[in-house]
Amino acid sequence: MNTKFRGTGVAIVTPFHKQGTIDFTALERLIEHLIAGGVNYLVVQGTTAETATLTREEKNALAEFVVEINNKRVPLVIGIGSNNTQDVINSIRSNSLDGYDAILSVTPYYNKPQQRGLYLHYKSIATVCPLPIIMYNVPGRTSVNMKPETTLQLAEDFDNIIGIKEASGNIEQVMDIIRNKPKDFLVISGDDLLTLPLLGMGSDGVISVVANAYPKLFSEMVSLGLKGDMKKAREIHYKLTDFIRSVFADGNPSGIKAALEIMEIISNNLRLPLVKIEKTHYNHLSALMDELEPAIKDM
């Protein structure tokens, strides 16, 4: 089961029409782009999907649509998280999870729980969840960091907690988890720029934003890193470095949506409070993508 989520997962964006409704035609185009690019799995309703702005009805429609279009071609992960533990439990119990292979659940945000609270939060979810759980630690968004000892205790105590998406940006912390984790517990990068260094330390892959635009190139880098061919993986990493930095310079998913518009896959529309990147930044991003074209053609 866990091997389904080794390699490159993609936190897919939610395309919108100019008037703000979901653009399902563009979403289908994006899904086909990602699967053709060789990604290992798709993550629906993560941070990059602007999930915080979606209604319950929209979430249900999106979840069902992705299952239909994917048609069992790649594994699917669905994001179900909240700062209210009972709300997560209610969502798991009430929503159809048919067609999904795991859930991604972020640490509770805003409340700033203690480590014991984090442990009990995930324990409560693990007790009721029928699917494997990938935890998601992203203190830059939640204002709380789940420490390695908490992650490791959860990994030891619950068989259906199969991994963690680590986006703390703290390489020493991730190293401690990798060194002490149970054998089959997955450590997944939540930071595109740190993916290759973490692969070098023994991580299992990435849930990527950048791979929305360059699934083939990013997946190849991750595949090479997992095989231990760091020389070739580094070549791709350094080709992508400036692009990755530019994509995140004005926030996520503002940058990646601009890139996907440049590639004519989706329109560059976001929901408030997010806004489009500035024109000068857009032009810079476009120029970086032009520089990447030779690398794409060589694939």
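Let me check I have the definition right: for segment 77-227, take the eigenvalues of the Cα gyration tensor, multiply each by 5, take square roots. What are those semi-axes in whole Å, largest first? Numbers along the way, then the final one.
Numbers: eigenvalues 118, 64, 42 Å².
Over the Cα atoms of segment 77-227, the semi-axes work out to 24, 18, 15 Å.
Direction-averaged shadow area of the convex hull around the Cα atoms of segment 18-61, nm²?
3.6 nm²
How large is Rg/Rh for the chain, to two decimals, with Cα atoms and a Kirkwood Rh? Each step should come with its number before you reach the end.
Working: Rg = 18.1 Å, Rh = 19.3 Å.
Rg/Rh: 0.94.
In nanometres, what is the gap between the two model label sites at K123 and L292, each 7 Å from Cα along Cα-to-Cβ?
4.4 nm
Return, ordered by residue number, the residues of segment 257-299 whose backbone nitrogen is under 20 Å from a label point located 7 Å along Cα→Cβ of Y238.
Under 20 Å, as judged by backbone N against the label point of Y238, lie 288-299 of segment 257-299.
Short version: ³J(HN,Hα) in whole Hz for each residue of segment 19-33, in order, from phi by Karplus 6.51 cos²θ - 1.76 cosθ + 1.60 (θ = phi - 60°), x for Gly and Pro, what are they?
7, x, 7, 6, 9, 5, 5, 5, 5, 4, 4, 5, 4, 5, 4
Sort 72-78, 185-191 for me by packing, meaning the mean count of neighbouring Cβ atoms within 10 Å per residue, highest on top.
Taking the mean over residues of other Cβ atoms within 10 Å, the ranking is 185-191, 72-78.
I'd like to know which of S219, I35, G117 lies farthest towards the positive end of the charge dipole of segment 2-225, counting +1 on Cβ of Lys and Arg and -1 on Cβ of Asp and Glu.
With unit charges placed on the Cβ atoms, the residue in question is G117.
Restricting to segment 2-225, what percent of DSSP beta bridges are antiparallel, rounded to 5?
Antiparallel: roughly 5 percent of the beta bridges in segment 2-225.
In whole angstrom, note down how far apart the Cα centers of segment 223-299 and segment 40-99 are.
With segment 223-299 and segment 40-99 each reduced to a Cα centre, they are spaced 25 Å.
Which value in Å is the Kirkwood Rh of segment 1-126 over different Cα pairs?
The Cα-based Kirkwood calculation yields 15.4 Å.
Can you give the Rg to Rh ratio for segment 55-115, taking only C-alpha atoms and Rh from Kirkwood?
1.03
Using the 10 angstrom Cβ neighbour count as an exposure proxy, how do H281, H17, H237 rank, fewest first?
Working: H281 16, H17 13, H237 22.
Least crowded to most crowded, the residues run H17, H281, H237.
Mind giving me the nanometre distance, one decimal, between the label points for F24 and S143, set 7 Å out from Cα along Cα→Cβ?
Going from the F24 label point to the S143 one covers 3.8 nm.
When the Karplus curve 6.51 cos²θ - 1.76 cosθ + 1.60 is applied with θ = phi - 60°, which whole-Hz ³J(HN,Hα) does each residue of segment 203-215 get, with x for Gly and Pro?
Going residue by residue, I get 6, 10, x, 8, 9, 9, 9, 4, 5, 4, 8, 10, x Hz, with x marking Gly and Pro.
Please report Rg (one decimal) and Dmax (integer) in Å for the Cα set of segment 151-293.
Cα only, segment 151-293: 16.7, 50 Å (Rg, Dmax).
Could you list K216, K279, K257 in order of exposure, starting from the residue whose Cβ has the fewest other Cβ atoms within 10 Å?
Fewest-to-most Cβ neighbours within 10 Å comes out as K279, K216, K257.
Could you give each residue of segment 239-249 its phi-based ³J(HN,Hα) in whole Hz, using Karplus coefficients 6.51, -1.76, 1.60 with θ = phi - 60°, and x for Gly or Pro?
So the Karplus estimates, Gly and Pro as x, are 5, 8, 3, 5, 5, 4, 4, 5, 4, 9, 4 Hz.
How long is segment 98-160 along each principal axis, judged by its Cα atoms, biggest number first, in Å?
Projected onto the principal axes, the Cα atoms of segment 98-160 cover 32, 22, 16 Å.
Every number in this text was worked out from the coordinates using simple rules, so none of it is lab data. Source: prediction; values computed, not measured. Cβ coordinates were reconstructed from backbone atoms using ideal geometry, including for glycine residues, and neighbour counts include every protein chain displayed.
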